[in-house]
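The structure appears below as structure tokens.
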Amino acid sequence: MPNTYFQFKKFRINQSRCAMKVGTDGVLLGLLCNFEGCRRIADVGTGTGLVALMVKQRYPDVAVTAVEIDTDAYTQAQENFSDSPWSINGVNAGWQEYAEACKLQNISFDGIVCNPPYFVNSLKNPSAIRTLARHTDSLPFSELIDGVCKTLTADGRFYVILPIESKADFVRMAEYRGLYLSDIHYIHPVVDGAVKRVVMCFTRHRVTEKENHLYIEQSRHLYTDDFKRLTKDFYLD
């Protein structure tokens, strides 16, 4: 049975009512997004609130808005925010409708981050809530990108984590809408292992892409120095 909570150094994530628990993808996204100089950040599909809290710990002066469509997950994220040292604004809505409302009200963000559902053609989970969290039916890549285009400032940054298999399609759809890959982190679960995930940053300007590689483990449960350095302010010793 999954743990009902995950304890970080400065906050706790309670997750009993959330379909998707704390996992490496969310942690990596929270560690690798760079919002230096940003003032307003949106976390799309916040789930437990993990990424929003990691961003707030790293950048305490930014205003963070956490958007979540599932009411149970939204409520639990709000509780996690209330129990943390920081103030985060929660919104119980789908990204599509929230982005449209922001556009109508001239609300924009100079940073957007998303750990999106990415299963497209795989077998659906019998749990409707888990399906909502894991499959693109509720937030297709095209609609995620459309919402970013409606709300991202001219010099803003959009971060997303995806399986390597989804990279090419996502980059193509983003470029079609005027969002261009500027930075990419290739994530290797083990040294000398294949890439399994990518953390990508998109901007509205074409720039020379910067490539980085992160190796998580040297061997089973023996973490690399780079990963330990990245997580030292979050993981308990």
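The values are calculated or read from the model by the stated rules, or taken from the named source; none is laboratory data. Just so it is clear, the model here is predicted, and its values are computed rather than measured. Cβ placement follows ideal geometry from the backbone for every residue including glycine, while neighbour counts extend to all protein chains displayed. Ligands, DNA and RNA are stripped out before the accessible areas are found, and what is left, the full protein with its side chains, is counted by its heavy atoms. Shrake-Rupley method; radii C 1.70, N 1.55, O 1.52, S 1.80 Å.
Considering only region 8-47, state which residues are in contact (Cβ under 8 Å) with a residue 60 or more places away in the chain, β-branched (Val, Ile, Thr) and closer than 15 Å to residue 77 by Cα.
13, 44
Can you pull out every residue in region 197-222 that is of a type in the set (Phe, Trp, Tyr) and either surrounded by fewer than 16 Cβ atoms within 10 Å (Cβ to Cβ) or under 19 Å from residue 168 (Cβ atoms) (or both)? Full working, then the answer.
Of region 197-222, the ones of a type in the set (Phe, Trp, Tyr) are 202, 215.
Within region 197-222, just 202 meets the criteria.
Being acidic (Asp, Glu), in contact (Cβ under 8 Å) with a residue 12 or more places away in the chain and buried (at least 19 other Cβ atoms within 10 Å of the Cβ), is that true of even one residue in region 85-106?
Keep residues of region 85-106 that are acidic (Asp, Glu), which gives 97, 100.
Then keep just the ones that are in contact (Cβ under 8 Å) with a residue 12 or more places away in the chain; that gives 100.
Those still in the list that are buried (at least 19 other Cβ atoms within 10 Å of the Cβ) too: none.
The answer is no, given that none of the residues of region 85-106 is acidic (Asp, Glu), in contact (Cβ under 8 Å) with a residue 12 or more places away in the chain and buried (at least 19 other Cβ atoms within 10 Å of the Cβ).
For region 164-196, give me each residue that is open to solvent by less than 60 Å² (accessible area, probe 1.4 Å) and either among the small types (Gly, Ala, Ser) or in contact (Cβ under 8 Å) with a residue 60 or more places away in the chain (or both).
Residues satisfying the conditions are 166, 174, 178, 182, 183, 185, 187, 193.
Within region 134-151, can you find the residues that are touching a Phe, Trp or Tyr at 6+ places or on another chain (Cβ under 7 Å) and open to solvent by less than 10 Å² (accessible area, probe 1.4 Å)?
If the condition is that a residue be touching a Phe, Trp or Tyr at 6+ places or on another chain (Cβ under 7 Å) and open to solvent by less than 10 Å² (accessible area, probe 1.4 Å), then 135, 144, 147, 148, 151 are the ones that fit.
Answer yes or no: is there a residue in region 97-117 that is of a type outside the set (Lys, Arg), modelled with pLDDT under 95 and part of a loop (DSSP other than H, G, I, E, B).
Quick first cut of region 97-117, residues of a type outside the set (Lys, Arg) only: 97-102, 104-117.
Going one step further and asking which of them are modelled with pLDDT under 95, we end up with 116-117.
Adding the requirement that they be part of a loop (DSSP other than H, G, I, E, B) leaves 116-117.
Within region 97-117 (the criterion being of a type outside the set (Lys, Arg), modelled with pLDDT under 95 and part of a loop (DSSP other than H, G, I, E, B)), the answer is yes, since at least one residue qualifies.
Tally up the residues in region 16-67 that are modelled with pLDDT under 95, surrounded by fewer than 24 Cβ atoms within 10 Å (Cβ to Cβ) and assigned to a loop (DSSP other than H, G, I, E, B), please.
Going through region 16-67 one residue at a time, the tally reaches 7.
Are any residues in region 68-96 under 17 Å from residue 26 (Cβ atoms), among the small types (Gly, Ala, Ser) and not in a strand (DSSP E or B), and if so, which ones?
73, 77, 84
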